[in-house]
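The values are calculated or read from the model by the stated rules, or taken from the named source; none is laboratory data. Note that this is a predicted model, so its numbers are computed, not measured. Every residue, glycine as well, gets a Cβ built from its backbone with ideal geometry; the counts of neighbours run over all protein chains shown. Ligands, DNA and RNA are excluded from the accessible area calculation, which covers all protein heavy atoms including side chains. Shrake-Rupley method; radii C 1.70, N 1.55, O 1.52, S 1.80 Å.
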Amino acid sequence: MPNSWISERAMAIDSSGIRKVFDLAARLKNPINMAIGQAHFPVPEAVQEACIDAIRSGKNTYSVTQGAPVLREKLQARVDAEYGHSDRKVFVTSGTSGGLVLAMWALINPGDEVILFDPAFVMYDALVKLVGGKTVWVDTYPDFRVDVDKVRAAITPRTKMILLNTPANPTGAVAGENETRELAELAAERNIALLSDEIYSAFCYEQPVVSAARFNDRTIVVDGFSKSHALTGWRVGFAHGPAEVIEAMVKLQQYSFVCAPQPAQWACAVAMDVDVSGHIADYRRKRDLMLAGLSDCYEITKPGGSFYMFPKAPRGSGTEFVSRAIENDLLIIPGGIFSQRDTHFRLAYAAEDSVLERGIDVLRKLARA
Ligand code: PMP
């Protein structure tokens, strides 16, 4: 196939770093896999049953684009109760990724600047590139806190969006209420769209996350069921924000994703009433187990949420460190995938304790080597 077929936008994106890790992984016989970004518990039984029931009772067609009423109306009631904004509308997306794509399409013109916090979830910078935008990085090392003064300094007349992710991938950082309020107020004052990715909101171990939408009623929130109910393959998320923005996103969904899978939507309506707090408590314990095993030999900012931590490589670059880890059967992700710096690595602790214990042993050995 002629290379000239490939669009500039496709060529502008490089996913080779992460693919390399997964290619290496495929060759390992008994890997200690701490690279996967998804919860490891089974989909709750009631949610599985609801999906099977939906399939068997013929709910296999398209739903309306904005989402099957069974789910959309339940989400709208929850959003209304939580925020009480007269203009806040919700719709169902194809995973949280779908919401992120639609928000970029709906809001970013070529040349617009998007402020991202470094390090950030890999998809963000790629999506900004896909819509012809320009990423402006705001560094958050070493403690991964949002410094609103740095954001203020990064704003230019072309700044269109600030994208906040809390709890965060890859660091596990949870933005504090004060910093979230200041950021939300800054965005409102400067008429900049604030996009808040809250996909890990269920995974908070110290205190619940406070949404920027509490302080700025024009905040656009993307969220979903992939992580909270361990159903990344089902592709159900949701987005809420000012009606005008949501209508633009729904219009674009109609001509792209069409709708989220309908049986999964019925099941997610049931998922909204399923208590996952037992799993969250278990992940908190796993976080503490990791910290207890590693804190004396790695520089780690204690993560308040998600199921990741982002330690500093003891020496050399993050990439070099990850190569040594993989030689020892431990799969982790180099920090450079998420960041302008290549100094750290991401550990995902959504795994059985036996995996975590093996991982800790290898990491302790590598820190001494
Ligand atoms: N946002 C963040 C921060 C994520 O880590 C992920 C998945 N790794 C997503 C969005 C996408 O999630 P989904 O499976 O719902 O598309």
With the condition kept exactly as written, say whether any residue in region 90-101 is buried (at least 22 other Cβ atoms within 10 Å of the Cβ), in contact with a strand residue (DSSP E or B) (Cβ under 9 Å, 6 or more places away or on another chain), closer than 22 Å to GLU189 by Cβ and of a type in the set (Val, Ile, Thr).
-> no
If we ask which residues in region 118-148 are in a helix (DSSP H, G or I) and within 16 Å of the ligand (Cβ to nearest atom), their number turns out to be 8
Of the residues THR219, THR180, which is buried (at least 18 other Cβ atoms within 10 Å of the Cβ), in contact with a Ser or Thr (Cβ under 6 Å, 6 or more places away or on another chain) and farther than 13 Å from SER306 by Cα?
-> THR219
On the given criteria, is ASP87 touching a residue at least 24 places away in the same chain (Cβ under 8 Å), touching a strand residue (DSSP E or B) at 6+ places or on another chain (Cβ under 7 Å) and either under 12 Å from CYS259 (Cβ atoms) or open to solvent by 20 Å² or more (accessible area, probe 1.4 Å) (or both)?
-> yes
Give region 305-318 a look and list any residue that's surrounded by fewer than 23 Cβ atoms within 10 Å (Cβ to Cβ) and modelled with pLDDT of 95 or more, or say none.
-> LYS312, PRO314, SER317
Note on region 286-303: residues over 25 Å from the mean Cα position of the chain (by Cα) and open to solvent by less than 20 Å² (accessible area, probe 1.4 Å) are GLY293
ALA46 fails exactly one of (1) within 15 Å of the ligand (Cβ to nearest atom); (2) outside any strand (DSSP E or B), namely (1)
Hey, does region 149-162 have a residue that's among the β-branched types (Val, Ile, Thr), within 16 Å of the ligand (Cβ to nearest atom) and open to solvent by 30 Å² or more (accessible area, probe 1.4 Å)?
-> no
Are any residues in region 264-291 of a type outside the set (Phe, Trp, Tyr) and closer than 15 Å to ASP353 by Cα, and if so, which ones?
-> HIS279, ILE280, ALA281, ASP282, ARG284, ARG285, LYS286, ARG287, ASP288, LEU289, MET290, LEU291
